[in-house]
Structure formats: structure tokens, C-alpha cells
Amino acid sequence: MLRLGLTAGELAAGGVVEGLRRLASSDQQETVSALLTGANAKRLAKRLSHMRGAAMKLGQLLSLESEHVLPREFAQALAILGDSADTMPVAQLNRLLGREYGKGWHARFETFEYEPVAAASIGQVHHARSLDGRELALKIQYPGVARSIDSDVNNMATLLRLSRILPVEMDISGIVAEAKRQLRQEADYLQEADYLERYRRLVADEPRFRVPQVHRDLTTRRILAMDYVHGQPLTSLAGPDIPQRRRDRVGASLYHLLFRELFEFRVMQTDPNFANYLVDEETADIDLLDFGSTVDFSESFADRYRRICRAMLADDMDSVQAVAQEIGYLQQDDPPDHVARIIELLLMICEPLRHRGDYDFGGSDLTARARDAGMDLVFRSGHFRAPPPETIFLHRKLIGSFLLCARIRARADVRSLVVPFLA
């Protein structure tokens, strides 16, 4: 609460300075609050990275919903929150390991590296080797994160409203409730271990996808022990010396897996963070690392998206509108101009699916077009309705997958990849 209060004060002070600057220069910017500046965006991202936990995670979620919710400067600033959390002091880390493993926990390991290999919103990862020679990645949760989820999310939502970063008229109660539910799941490493083992079985028939094995004897509710993986970061594929065919193979694999998750498995890893994927340098096989944010979809949920995809590929706009209403993107009493805007935005976002032949993610300006159209819808149309809560994490996966492919400049025939799942 104290940190959020300080953040609100900083944002307010930044807004006053910006307001005075505009007054002095006669700079009139329609529909944009003086609070919504690039400098304020950086202040918010910096504070959230220090806070870790649910407040930081909500910032990440909102950054991926930026087409509908956040101004451009804030989406860009919050995008840095993927893996920028402060790490635990050694003394705190030792206390936590002692509480989870018991006194003399060092005796369980041949080596334990105190310098984390990664640090994100919920926990940090350490490289270790057990006494019997197993090379491990230990995902260790920050103390207090699980207890603070409700208060952090509530306080963060209040801050965003009071700072006018979100439109006051927008009802985000559903997003907030869904964020809390998912964060409670992410904070339970025993549940994540279950998802890891389940997902490992689901992709066992495709060697190009690899999931680390869980080590149950060293796993607790706050520590997840799994195989340590040695692949290359996904971002390494963005290098100028990487063959295009390798980038294309990885991009096609990511979208193929997305469609299997939604339409076949009906279970999806919904955190497509760059750090959650490693690539084999020789084979371009993909290691899938983090299953804290995994979601089960009902058959009816998957079927609605199957039908709207079919309708889009067939250019059947009446069916697109009907299914969009079933999903909750539209309401029965929406005016025709709003319906047209929503359908136009849906078609735009699904451009890779509707495109015939290879879609060039690296050369696409789709994210900029979708963002501008979404901001126009939110701030100028008079309809301030948040996306349906149950769609939040699917949106996160869709947006994140596009950004992954854009970053590595992949090309993929997405239409041919989705068609087999629409029968």
C-alpha cells in the first residue's frame, strides 16, 4: 500500500509538470490526460518491478491487453516487466529454503548457485545439482507473494483508476477477479508441477516440443524442482546470421502448438514470455519451461472460437457477428456502428489466420494498427467495456505468440496450420 501510494504521488507530480508544460506551450492534446506520458509510464513500470508479486503481474497482463486498455506509452513501458523483478537477498533466500526443505537443506545438494538465472514477478530460478547428480532448475517463490495477491491486485486496480490510466467508465471487475484466480494458481507450485507432468504427456507425440521433468522429492508448494535445460534463448533467432528457414520452423511450431492447445488439448500455457522458451541450436526443437499460468478451456469455449475462425475464413460476417455475441465481444443492444467497429477489430487481429500463404510477422504493422483501432474504440466511441474475463488469458497467448514470431522475424502459413483443427 505504501509503495502504491508513493507511485500515485509520483504519477500525480508528473501529471502536474506535464500540464504546466502544455499550458505554457499551448499544447492541446485531445482525449489524452496529462498523466498519460512516457515519463509517467516509466515511473509506473519501475515501481512495479520493485514490488514484484501480483501488482507486477497485473501490469504484465494489462500490457498484453494494451490494444483495448492502455495508452501506447504505458503498454511499451509495462512490456519491460517480463523478467525485471528485484531478486531476493541471500539471507532471505536461505531462510526460505530452510523453511521449505528443513534445517541442513544444503545436504540435499552437491552444488547450489545463489545467483539466480532468472527473476520474474512470482519467483526466481536457481541452478543446482542434487547429491545423486541430477542437474536441476529450482523455481523459488518470493515470500509473502501468495498472501498479498488480493490486496495487491485491488490496490493496483485502484491506482490505475485514480491515475486515469484506465477509463473511469470501464468495468474491469471481471479482469480483476480472473487475475486473482490465475495468480493464486501460479503461486501454488504443486499445481504447476501437475500441469508440467500433464503437458509433458500431451506433447509426448511431438519430439519438437520438450517439457522438463518434475522432481517431486525436491518440490514443495513454494519450490518447484525440474530438469535444467540448456537451449538457446528464443531471442537468439532474431540474429542476422540465423537462416530464415529456422525462424520459420519455430514460428510455425509455436502456432501449431497454440491451435493444439485451444482446439485439441483444451489446456493452454498462457504466458508466452520470451524467457519461457528455449530453442535447440541444431534441430530448432523448442523447450517449454513455465506452466504456472496454465488454463483449462471448456469444450463450449473452444467450440465458439472454432466456429468464429471458420466464419472468418469463409468471410461469413453474419456468423462472425453471431459468435462474437456468444463469446461476449458484442451485446444484443450494441448500436450498429459499435458492432461494425468490433467486427473490424476482430478481423484485423485475426489477419494472420485469414492471410493466404506465408504471413510475414517481422514485416507486419498489425500490432500498431490493432492498438490504434482499439484505443479509438475505448476512448472515442463511448463504449468502455472490457473484454470478457474468461478470454483474458487466451488473448494473452494470442498477442504474445504474434509478438514472439514478430521478434524472430518468422514467416508461417497460419491459415493452413489452423484449418485441420476446424473440421
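Under 5 Å between amide hydrogens, built in the peptide plane, is the criterion, and for A410 it picks out F361, G362 among residues at least 5 positions away or on other chains. Extension gain, D241-E197: 0.36 nm per intervening residue step, less the Cα-Cα distance, totals 12.3 nm. Using R0 = 35 Å, the C-beta based FRET efficiency linking D280 and S319 works out to 0.25.
Other residues lying with their Cβ under 11 Å from the Cβ of R210 contribute a combined charge of -3, Lys and Arg counting +1, Asp and Glu -1.
Determine, for each peptide in 210-220, 288-298, 329-339, the mean count of other beta carbons within 10 angstrom over its residues, then list the peptides with the highest first.
Numbers: 210-220: 17.5, 288-298: 21.2, 329-339: 13.0.
Top to bottom by mean Cβ count within 10 Å: 288-298, 210-220, 329-339.
Each of Q331 and R216 was given a label point 7 Å from its Cα along the Cα-to-Cβ line. The distance between the two points is 4.9 nm. In this calculation the C-beta distance from D365 to T111 is compared with R0 = 60 Å, giving a FRET efficiency of 0.80. Taking 7 Å steps out from each Cα toward its Cβ at V419 and S173 produces label points 4.6 nm apart.
Return an integer: the convex hull volume of the alpha-carbon atoms of the range 231-423, in Å³ per residue. Provide the component values of the computation, followed by the final result.
Working: hull volume 23.1 nm³, N = 193.
Expressed per residue, the convex hull around the Cα atoms of the range 231-423 is 120 Å³.
Counting every other Cβ atom within 10 Å of each residue's Cβ, C405, C350, C309 order from fewest to most as C350, C309, C405. Estimated from the Cβ-Cβ distance and a Förster radius of 41 angstrom, the FRET efficiency linking Q92 and E351 is about 0.30.
Laboratory data are not the source of any read-out in this text; all were calculated from the coordinates shown. Model, not experiment: these values are computed from the prediction. Neighbour counts run over all protein chains shown; Cβ positions are idealised from the backbone, glycine included.
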